[in-house]
Amino acid sequence: MSFWDGVWRGRAAQFDSGSAATNAIELTKRRQRVSLTKQGAATGNLRINLSWRMRTSDIGAPERGSLLRHPLRLFTPEVVQAHTQSMVNVDLDLGCLYELNDGTKGVVQPLGGFFGELNEPPYIKLSGDDRFGSGSGETIFVNLDHRDDFKRLLIFVYIYDQTPAFDRTHAVVTMFPSNGPRVEIGLDERHPQARSCAVVLIENVKGEIIVRREVKFVYGFQAELDRLYGWGLQWGRGYKTKT
């Protein structure tokens, strides 16, 4: 029986499915979880991508819904990228708090140059720092061949200093497992003053890799996310070099 047969027979009640055309699962408030293990995708490299964009008509306008729920958005006007002259700069960063089963804890993020390593601990690697909302965005790779070493991973997004809030961006975190459909989490809720968002928690639960939607916005930065999830790291103020 195929994966999609299970969806239509009601056996995939923990997540929303996308259409065959989009081949995507959207995690929502109603459907929050997906098991990579049951999907046969708990091996190889899990690719996690952050992308964002803005439209001139969005300033002061209501947020639009998900593309999966509103396919006619495909026919809306062309996107105005955040680094054009008509827009203020947007700089969203993708990060990952990790806790390994041996007790090791840390962070992978652009600030501080903590880009990680893929084939040695923490088995997590950030591709780079996208400061302009380009088409490729930012990507974190997680080496699930070392899934037994992971206890939990928190994927988060934060807004770097002096940039607009989440309600003026169209941020989407997309997970590309080694098998099966991609998983999408939209950050389209209105939290005008929020500076950070815990997006998704990946946990090793008795050998099963579970992905759970969080989408919890906070007004602070990494230290506040740390307190919210009890990571227990020490944080200091960080800055990026000018480009």
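The values are calculated or read from the model by the stated rules, or taken from the named source; none is laboratory data. This structure is a prediction, so every number in the text was calculated from the model and none was measured. Quick reminder, even Gly has a Cβ in these numbers, built from the backbone with ideal geometry, and neighbours come from all protein chains shown. These accessible areas exclude ligands, DNA and RNA; they are computed on the full protein's heavy atoms, side chains included. Shrake-Rupley method; radii C 1.70, N 1.55, O 1.52, S 1.80 Å.
So here's what we get for this one:
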quantity: Region 96-130, residues that are within 18 Å of Leu201 (Cβ to Cβ), of a type outside the set (Phe, Trp, Tyr), within 15 Å of the chain's Cα centre (by Cα) and open to solvent by 20 Å² or more (accessible area, probe 1.4 Å); calculated: Val107
quantity: Subset of region 2-53 (residues that are part of a strand (DSSP E or B), modelled with pLDDT of 50 or more and open to solvent by less than 40 Å² (accessible area, probe 1.4 Å)); calculated: Ala24, Ile25, Glu26, Val34, Ser35, Leu46, Ile48, Asn49, Leu50, Ser51
quantity: Single match in Leu97, Leu111 (criterion: touching a Lys or Arg at 6+ places or on another chain (Cβ under 8 Å) and modelled with pLDDT under 95); calculated: Leu111
quantity: Test for Gly128: is it modelled with pLDDT under 95, in contact with a Leu (Cβ under 6 Å, 6 or more places away or on another chain) and under 22 Å from Ser51 (Cβ atoms); calculated: no
quantity: Residue list for region 145-172, restricted to those being under 24 Å from Glu120 (Cβ atoms) and either open to solvent by 20 Å² or more (accessible area, probe 1.4 Å) or in a loop (DSSP other than H, G, I, E, B) (or both); calculated: Asp145, His146, Arg147, Asp148, Asp149, Lys151, Arg152
quantity: Those strands (runs of 3 or more DSSP E) lying entirely in region 173-243 with at least 2 residues of a type in the set (Lys, Arg); calculated: 208-218
quantity: Among the candidates Leu154, Leu187, residue that is modelled with pLDDT of 95 or more and in contact with a helix residue (DSSP H, G or I) (Cβ under 7 Å, 6 or more places away or on another chain); calculated: Leu154
